Every structure is written in C-alpha cells, then in structure tokens.
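Reading through the structure tokens given below for one structure.
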Amino acid sequence: MAKTLHPLKHSLKGELKVPGDKSISHRSIIFGSIASGTTTVDGFLLGQDCIDTINCFQKLGVQIEQEQERITIIGQGIEGLQEPEDVLDVGNSGTTIRLLLGLLAGRPFHSVLLGDASIAKRPMDRVAIPLRKMGANIDGRKNGNYPPIAVSGSRLNGIHYDSPVASAQVKSAILLAGLQASGTTTITEPALSRDHTERMLTAFGGRLTRQNTTISIQGQQNLTGTSVQVPADISSAAFFIVAALITPNSEITLKDVGMNPTRSGVIDALLEMGANITILNERIYNDEPVADLHVTTSQLKNIEISGDLIPRLIDEIPILALAATQAKGVMVIKDAEELKVKETNRIDAVVHQLQQLGASIESTDDGMIITGESQLHGGTVHSLGDHRIGMMLAIASLISEDKVVIQEVDCIAISYPNFFQDLSQLSNREGR
Ligand code: S3P
C-alpha cells in the first residue's frame, strides 16, 4: 500500500506513549516460555515481529494467551518445549530467528526456521559458527548460512567466544545455548551491545557475570516465571523526538520511554547536537531504566557518530540521518557497516531514499556523510519493506516543500502498528 503525506501545516504538540520495546517484548516471550510457572507481560508490543515470536513458541508447545497488551505465558520449564510439527516462521524478525537458533541448539529435537524475503538474505553464520563450536547441528542454504535453516538439538559444551561483532542477537543466542550447556560459556564483544537479555535473565532468577564486555553464564540453570512491565520503545520514540526537533514551534512529551544506557545513544547524540530534550521522572521497570522525555524544536548542529556509540544507536541511524539533513554543518557516520545486514541494506536505503527527496547525502563503505540545512522537496519514495525506513520517510514528509508518496508503508506494522494514528494525534491537522 502507498501513502501520500502532506507537509506539516501546524506544529507537533501533546503527549504520547509509543508502543512497547520490541527487544524486551521478544525476550519476555522467550524467557517466559522456558521458565517454570506463569509469566505476565504488560505493555507488550503487538507488532508483527513479536506476534511471530509468540506464534513460534506456541508451535513449540507453550501455552500463551493474549488480552490486548497483556500476555500470559504458562511456562513448563525449558524441558517443556516440544518438537514443532510445522516449520517455525519468524516473518521479518532477525531477533526471533537468531535467538531461537541459540535456544533450539540445545533442545533434543529437530526444528526448521524460515522467514520472509528479507530474512532469507540475512546471515546466520554469526550465530551458527559459535553454536557449532558448542556442539550444535545447524544447516541451511549456502553452506548453512542462510534461512531456511534447520537445527537438531544436541548436548552442548561451554566455550569462550570472542565475537567479531557487537551484536545483542549473537550474544543472546550464545547465552541461551550456554544456559543449557555443560560448564561455563563466555562471550566477549568488541563493544557492549544492548543488554536486555542479561537484565531479563536476572529478573527470571538466572545468574550471570559481566566484566567490561565479557559475559559469563553457568549452564543448567532453572528460571522462574515473573511479571514483566515493558517500557515504551526508545527506537519508536526516536521518530517523534526528531520530528519535534525539526518542525517549527513543536513541544511534545513521550511517556515511559526505555532509557537503558545500551540503547540511549540516540539521546546522547541529539543532546550533543544541541537538542532541547529534558529527561523527567526517571524510574526502573524490572531492572530497565525508564523516563519521560520532553522535547521542543531545536536548532541542531552536526557531529561525528562512530565507535562504541554505534551499537547504542544502530536502529536510530535512519532517523538521525534525517535530523542531520536539517542541522548545521556535516554529519559523518562511520564504523556502521552492520547497517548493511539489517532488514535492508540501511546505508543504501537511507542514502537513496533521502536523495530522492533532495537531501545532500552520500554513502561510504561503513556509513554515510550528510550535509545539513537542505530543503527537502518531496517526491515518491519507497520503504523497501523496511519499517524504520518507512517511518523515517513519513517524518521527512513533515518538513518537505511538497507532498511525499511512500510506497509499501504496511511494513511499519512490524514495530509500530498505530504509527500513523499517533502521528496524526501529535500533528493536530486535518486531512492526514
Ligand atoms: C536486536 C539487536 C540489534 C538490533 C535489532 C534488535 C535485539 O541487532 O539492530 O533491531 O533485540 O537483540 P544486532 O544484534 O544484529 O546488532
């Protein structure tokens, strides 16, 4: 489906709670399913990715009930998982397929995992290589690297793995396998990736240790069901934060936003760029920091984004690139080659689609260079089936001279089913 969006006539005003955090929602289903006893999850993200995780665990024999944003999982312990009668379809979700590979590597049955056209192009070696070192049987297309991918569970041994990438999906897959392995499993990352798995494992009564970027887990632990309150997703909030910063006379408040330091790089970057963002009402939900964010229109200046900051804002680079088109000076984004293996090649996707709207932006081998203060002229663009590209382009329409037509907007439901309703609520306009 295509959608035509017109430039913003007024300003963005009001208060909004964006949907639940995607990473935490996935993990609540995974841990609730392998724990003993009942887990309740409130504020669960009913985006397609997380619904696909629920469907996979139901096929693995877990009883999961949904009533609006409350999910109840009747956990029977990890031994309660059963061989699925059908393939496990992860849809568009890299988190689901990679974390499931780690978990199923240690279960005594056979499973086949597949997903959509984007998943079929995403590398699985990054998890299959360390899991095979632990003793896993994993095979798939192109020498076992691409889905559909099959896993036959086996006895696993603890290993020490030096990961070449700072990836929470790799770290989490290894920790889920390590939970079932003999001895200790240790992973060292080149930079700290998001740590929701570690925090949630602790909330379910599990134990692990961390020193700098090295995490160790002891095998054969039992987890106990608990109640999880999911914060609003900072990655979804980022679209409205940038929208308020770059549109005239805007003032919004975003409620209950997850502020885990391994995820809040986008706030640090925007504050350094001169953004008026006030962090209010800081508190904790199940070991996860949460705050309300008050945001007003700001004159931004560009900065360099690189190094250890990259994993802390990797999913926000598309919307930061849009912010950079409106800021003074030049933004250089580097060390971000991971963008090439996301839902799309996000370096190409961001650069080509923003060029279509008139932005001054070039790709590099490991990022992009954006020259600021350009007037976007509008035009026809494509989400390329990537939810975050679709939402970034929708925010770009607010400041374009002319209308923006976005092809294939349906994919936005992967992480934010009510995105356009929430945008209309803040934009207080007729005719959107
Ligand atoms: C995620 C980890 C990140 C992120 C993805 C969600 C997770 O991917 O980009 O959207 O929930 O673990 P990588 O682990 O590949 O960096």
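What follows draws every value from the coordinates through simple rules; no lab data is involved. For clarity, every value in this text was computed on a predicted model and none was experimentally measured. With ideal geometry, Cβ positions are generated from the backbone for all residues, glycine too; neighbour counts draw on all protein chains shown.
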Rounded if a/c is under 1.5, else prolate if a/b beats b/c, else oblate: with a ≥ b ≥ c from the C-alpha gyration tensor eigenvalues square-rooted, which is region 262-333?
oblate
Once you keep just the Cα pairs under 8 angstrom separated by 6 or more residues, what percentage relative contact order results for region 157-303?
20 percent
With the Cα gyration tensor of region 105-244 giving a ≥ b ≥ c as the square roots of its eigenvalues, does the rule (a/c under 1.5 for rounded; else a/b larger than b/c for prolate; else oblate) give rounded, prolate or oblate?
oblate
Can you divide the C-alpha Rg of the chain by 2.2 N^0.38 Å and report the result to two decimal places?
0.96
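Can you tell me the FRET efficiency between GLN211 and SER306 if r is taken as the Cβ-Cβ distance and R0 is 30 Å, rounded to the nearest 0.05?
It comes to 0.75.
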Net charge dipole size for the chain [Lys, Arg +1 and Asp, Glu -1 on Cβ; Debye, nearest 20]
440 debye
Can you tell me which of 243-256, 141-154, 7-20 comes out highest on packing, and rank the rest after it, using the mean Cβ neighbours within 10 Å?
243-256, 7-20, 141-154
For region 92-198, whose charge dipole is built from +1 on Lys and Arg Cβ atoms and -1 on Asp and Glu Cβ atoms, the candidate among ALA120, LEU192, ALA136 with its Cα farthest towards the positive end is ALA120
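Based only on other Cβ atoms within 10 Å, what is the fewest-to-most ordering of SER25, SER264, SER227?
Numbers: SER25 29, SER264 19, SER227 14.
Going from least to most buried by this count: SER227, SER264, SER25.
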Output the antiparallel fraction of DSSP beta bridges having both residues in the chain, as a percent to the nearest 5.
70 percent
Highest mean first, what order results for 40-46, 389-395 on Cβ atoms within 10 Å?
389-395, 40-46
Amide H contacts under 5 Å for ILE399, placed H, 5+ residues apart
LEU8
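For the cross-link pairs LYS142/LYS340; LYS13/LYS403; LYS171/LYS342; LYS171/LYS340; LYS142/LYS342; LYS133/LYS340, which exceed 24 Å when the distance is taken from alpha carbon to alpha carbon?
The pairs that break the limit, which is 24 Å between Cα atoms, are LYS133/LYS340.
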Cα-based shape type of region 16-117, given that a ≥ b ≥ c are square roots of the gyration tensor eigenvalues and the cut on a/c is 1.5
oblate
Give me the one-decimal nm value for the distance between modelled label points at GLN407 and GLN221, 7 Å along each residue's Cα-to-Cβ direction.
4.8 nm
If you take the charge dipole of the chain about its Cα centre, with +1 on Lys and Arg Cβ and -1 on Asp and Glu Cβ, which of PRO7, ILE78, ALA181 is farthest toward its positive end?
ALA181
Hey, which lysines would be in cross-link range of LYS17, C-alpha to C-alpha under 22 Å, not counting anything within fewer than 8 residues on its own chain?
LYS255
